[in-house]
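A quick write-up on the structure given underneath.
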Amino acid sequence: MHKSEPLNKRKGESRTLIEQIHLMDRTIVHIDRVSSTQDVAKKTNSMSLGTVVVADVQDQGRGQHGHEWISPRGGLYASMVLRNDPLISVRVGVAVARALKKLEIDAYLKWPNDVVVAGKKIAGILIEAKGEAAVVGIGLNIDTSPLPGSTCVTDQTKLPTSRDQLLRCILDRLERTYEEDIIQAYRQLCVTIGQDVKVSVGRETITGHVHSISALGHLMLKIGDQLRIIDSGQCTHLAP
Ligand code: BTN
């Protein structure tokens, strides 16, 4: 591991601590406070594949579907620049769930990639494509559960861990997903299969029964006799 000089501070960021570390071919940039790690990762000087931006606090963390991601101290907020591929969301979801399983936390995936424990959300993933790259944001509750109905790592395990250990574990698990049938692994973790669900797709709301997940990670929804494939949307399980 080699610790390099701190990155240049931008105007107006005089009190921001930025530290860059090179670890196993990855550049990990730690910043204490940002608006959103997604935006920092998208800036051209850090837009090289493998870069990971981690912050202690985000003032304008964002979630899927235009929602806010409340990001106080005590969580993992990381954005990584990866080569875009159709299964990226599936890979990252599996990697986060597996990193939690290593801590004996029974984590599963709610389609497409909410990470849940006993029905409560513990982590979320946001993917924003930029050219051939994808900026993949992971928000994981570690010491705090900012929203009612959510949970956090310290509530689910007695095993010791830290944000940086969890991040490394996720990155390692993510690398390994390129060597396996990742859809099969995803299906085994996906608690949405077999559920009656309501899915919002744009302005349309579709209700049906989840038959399976396609080879591309899309929802295969049975609506009466018909099968409809949904590639993205906001999914709610109708049974608790
Ligand atoms: C979701 O809504 O489930 C996705 C949440 C993604 C939050 C992470 S935290 C790190 C990165 N920066 C952001 O502003 N959002 C993502």
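Observations on the structure shown:
- Qualifying residue in segment 91-109 (condition: modelled with pLDDT of 95 or more, in contact with a helix residue (DSSP H, G or I) (Cβ under 8 Å, 6 or more places away or on another chain), outside any helix (DSSP H, G or I) and of a type in the set (Phe, Trp, Tyr)): yes
- Unique residue being of a type outside the set (S, T, N, Q), open to solvent by less than 30 Å² (accessible area, probe 1.4 Å) and closer than 16 Å to Leu140 by Cα when the list is Val81, Val52: Val52
- Remark: pairs (first residue in segment 58-70, at positive phi; second residue surrounded by fewer than 16 Cβ atoms within 10 Å (Cβ to Cβ); Cβ separation under 6 Å; 6+ apart in sequence or on different chains) = His65/Gln234.
- Considering residues of segment 57-72 that are in a strand (DSSP E or B) and open to solvent by less than 90 Å² (accessible area, probe 1.4 Å) only, the residue farthest from the ligand (Cβ to nearest atom): Val57
- Residue that is surrounded by the most Cβ atoms within 10 Å (Cβ to Cβ), among those in segment 107-126 that are near the ligand (Cβ under 9 Å from one of its atoms) and not polar (S, T, N, Q): Ala123
- Condition check for Leu140: within 16 Å of the ligand (Cβ to nearest atom), under 19 Å from the mean Cα position of the chain (by Cα) and either assigned to a helix (DSSP H, G or I) or surrounded by fewer than 18 Cβ atoms within 10 Å (Cβ to Cβ) (or both): no
The values are calculated or read from the model by the stated rules, or taken from the named source; none is laboratory data. Treat the numbers as computed from the prediction; the structure is a model and nothing was measured. In this analysis, Cβ positions are derived from the backbone assuming ideal geometry, glycine residues included, and neighbour counts consider all displayed protein chains. These accessible areas exclude ligands, DNA and RNA; they are computed on the full protein's heavy atoms, side chains included. Shrake-Rupley method; radii C 1.70, N 1.55, O 1.52, S 1.80 Å.
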